[in-house]
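Single-structure report; data block below.
The values are calculated or read from the model by the stated rules, or taken from the named source; none is laboratory data. Since we're looking at a predicted model, the values are computed, not measured. Positions of Cβ are backbone-derived with ideal geometry, glycine not excepted, and every protein chain shown enters the neighbour counts.
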Amino acid sequence: MNVSIVRPADRELESVKPESPVQLRVVADGLEGEPYVHLTEVPAGHHIATHSHSETEVTIILSGSAKVDGGDECPAGTVIVIPANQNYALDAGDEPLTFVVVRPRKASYDGPK
């Protein structure tokens, strides 16, 4: 695996779907024994519907804030661990939300619920 460095000034994110405001960049693809890592940005107030992944996920909030399943506010610097196959939703706070997701390998996606 080559060293990957993604600085805020050169993130070059892409829309996950043409009509979606969610922007994403895969940093490491999770193939051939590598971890899966992606950087995501969503607009303020955006709701990510209930879904799950086949792998445990570590989410690190870089900027903005989020609520997981409508619970406590998770400000920048918060680390969230979501077990494999756990259904969850994510809501951005009053500012755009930027977070990093790390999984041990590429995961399958099951959602929205």
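What the table below lists for this structure:
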read-out: The lone exception for Pro83 - which of (1) modelled with pLDDT of 95 or more; (2) within 12 Å of the chain's Cα centre (by Cα); (3) more than 21 Å from Pro8 (Cβ to Cβ); (4) of a type outside the set (Lys, Arg) it fails; value: (2)
read-out: Residue in region 43-54 that is touching a Pro at 6+ places or on another chain (Cβ under 8 Å), under 15 Å from Val101 (Cα atoms) and touching a residue at least 12 places away in the same chain (Cβ under 8 Å) present; value: yes
read-out: Some residue of region 81-104 being on the phi > 0 side of the Ramachandran plot, surrounded by fewer than 15 Cβ atoms within 10 Å (Cβ to Cβ) and in contact (Cβ under 8 Å) with a residue 24 or more places away in the chain; value: yes
read-out: Qualifying positions in region 1-23 - over 14 Å from the mean Cα position of the chain (by Cα) and either among the polar types (S, T, N, Q) or surrounded by 12 or more Cβ atoms within 10 Å (Cβ to Cβ) (or both); value: Asn2, Ser4, Val6, Arg11, Ser20
read-out: Exclusive hit being of a type in the set (Asp, Glu) and closer than 19 Å to Pro112 by Cα, set Glu41, Glu12, Glu34; value: Glu41
read-out: Scan of region 24-44 for residues that are more than 23 Å from Ser63 (Cα to Cα) and either among the β-branched types (Val, Ile, Thr) or surrounded by 18 or more Cβ atoms within 10 Å (Cβ to Cβ) (or both), ordered by number; value: Gly30
read-out: Unique match (being more than 16 Å from Ser108 (Cα to Cα) and without any contact (Cβ under 8 Å) to a residue 24 or more places away in the chain) among Arg7, Arg11; value: Arg7
read-out: Any chance Lys67 is of a type in the set (Lys, Arg) and surrounded by 11 or more Cβ atoms within 10 Å (Cβ to Cβ); value: yes
read-out: Pair list, Cβ < 8 Å and 6+ apart or interchain, from region 16-34 residues that are within 21 Å of Gly45 (Cβ to Cβ) to residues that are at pLDDT 85 or above and among the hydrophobic types (A, V, I, L, M, F, W, C); value: Val16/Val22; Val16/Leu24; Pro21/Val42; Val22/Val42; Val22/Ile48; Gln23/Val42; Leu24/Leu39
read-out: Residue match in region 61-80 (condition: in a strand (DSSP E or B) and either on the phi > 0 side of the Ramachandran plot or touching a residue at least 60 places away in the same chain (Cβ under 8 Å) (or both)); value: no
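Quick grid of which residues meet (1) out of contact with any strand residue (DSSP E or B) (no Cβ under 6 Å at 6 or more places or on another chain); (2) of a type in the set (Ser, Thr, Tyr):
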residue: Glu19; (1), (2): yes, no
residue: Leu24; (1), (2): no, no
residue: Thr50; (1), (2): no, yes
residue: Ser54; (1), (2): yes, yes
residue: Val81; (1), (2): no, no
residue: Arg103; (1), (2): no, no
